[in-house]
1. Under a 1.4 angstrom probe, counting protein chains only, how are B:W30, B:W168 ranked by accessible area, largest first?
2. What figure in square angstrom, to the nearest 10, would you give for the accessible area of B:E43 with a 1.4 Å probe?
3. Take a quick pass over chain B and tell me how many lysine pairs come in under 14 angstrom between Cα atoms, counting only ones 8 or more apart or on separate chains.
4. B:L96's amide H: which non-local residues (gap 5+, or another chain) put their own amide H closer than 5 Å, with H modeled 1.01 Å from N in plane and none for Pro or chain starts?
5. Only Cα pairs under 8 Å and at least 6 apart count here; give the relative contact order of chain A as a rounded whole percent.
6. Out of residues 5 or more away from B:L46 or on other chains, whose amide H comes under 5 Å of its own, with H placed 1.01 Å from N in the peptide plane?
7. For A:D69, list long-range residues whose amide hydrogen, built 1.01 Å from N in the peptide plane, is under 5 Å from its own amide hydrogen.
8. How large is ³J(HN,Hα) for each residue in segment A:39-54, as worked out from phi by the Karplus curve 6.51 cos²θ - 1.76 cosθ + 1.60 (θ = phi - 60°), to whole Hz, x for Gly and Pro?
Amino acid sequence: MLRIEALRAVYPQLERCVVVTIMGAVSAELQSIGHRPGFFYLQHAMGLASSMGLGIALTRPELPVVVLDGDGSVLMNLGGLTTMARYRPGNLLHVVFDNESLLSVGGFPTATSTGSDIAGMAAAAGIPRTAEVRTIDQFTAAFDEALGAGVLTTLVAKVEAKGPPVFLTDLPMLENRFQFQRHLRSVRPSTG
Amino acid sequence: MPVSVKHSQLIYDALKACGVTLVSALPETWLVHLIRMADDDPEMTLVRLAKEEEGVGISAGAHLAGAKSAMLMQNHGFLASVNGIVSLARLYRIPLLMLISYRGEFGERDPWQTEGGGTTEPLLQALDIPYDRLDDPGHVAHRIRKAQTLAESSLKPVALLLCRDLMWEE
């Protein structure tokens, strides 16, 4: 499964969600499909996209929040899995694209290439719903099911270590940040 | 335990008066009452962390989603949060109100706390983070309010050092 195909498959659902992505290929690929004001791309601070998603989900429990994470980032903040599990907001869906490598910096293999199991670690951390999928159809079905479940889910999608040739887009970080904040402000609880 | 309940309450009330509705925390001795107060308060969202750097992400998410937050940590937790402070809070102009228990200052009896003391202020300065000390009950409410105001107007991290003379009753 290619990550960009997985993103395309669930893009109509993502458009209706608040989305926080990690840096690099995930950010560039989602933007290449189409940026939306509810999408925030954390271009650094590896590991903290899931913490940001948790902060948003706890603050705005009426909004569906999707974090698009990666194996390298999750491995940098394994403790964050236990924090998410502890508060387990039902409006948070934690997707991990696991390509078993640090693709954005040259493809160095991560520990998931030697057997570390992110879905297993998430389950052991106490995340109430976890799954690992390997095909687009499985991914789409699991994604839709997780969005509808109203239970914190970590969904690990095993993807190929392939990404776009460049990661820089024409959306400056601060423009993204302020647009995203304004978007969250505009989506009021009564209408969300 | 001679951690001051009275002064902890003063700090907590000042945070509430600033409109703080979410507190992230990693326990340490001087913070126990503050964390309990947040836990007992139905109006407060308390997020207990595994590591302090997560708190930068939590506060960033809370800020963008419209909530005022504060971070309770030991100075060693501040040391452990530096990348998040630089590459999330500073990079993306996120206000952080960091309340840092200042271990390892004059009067410190625990040998293992002594290296962090001398590193804390030089690191705050190196990171260009405005900070002030909380070492007297008379200025607690005022300084917390001013620090929170600057964090929100500058969209940057600020720090308050919770000092021994305020937190500890000998």
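The values are calculated or read from the model by the stated rules, or taken from the named source; none is laboratory data. Nothing here was measured: the structure is a model prediction, and the numbers come from that model. Just so you know, the surface numbers come from the protein's heavy atoms only, side chains and all, with ligands and any DNA or RNA stripped out. Shrake-Rupley method; radii C 1.70, N 1.55, O 1.52, S 1.80 Å.
1. Values: B:W30 5, B:W168 55 Å².
Correct descending sequence by accessible area is B:W168, B:W30.
2. Result for B:E43: roughly 130 Å² accessible.
3. Numbers: B:K16/B:K68; B:K16/B:K146; B:K68/B:K156; B:K146/B:K156.
Count of close lysine pairs: 4.
4. The list, which skips near neighbours in sequence, is B:K156, B:V158.
5. Details: 343 pairs, mean separation 50.9, N = 192.
That works out to 27 percent.
6. B:V23
7. Correct list: A:V95, A:V96, A:F97.
8. 9, 10, 10, 7, 7, 7, 6, 4, x, 8, 4, 5, 5, 4, x, 5
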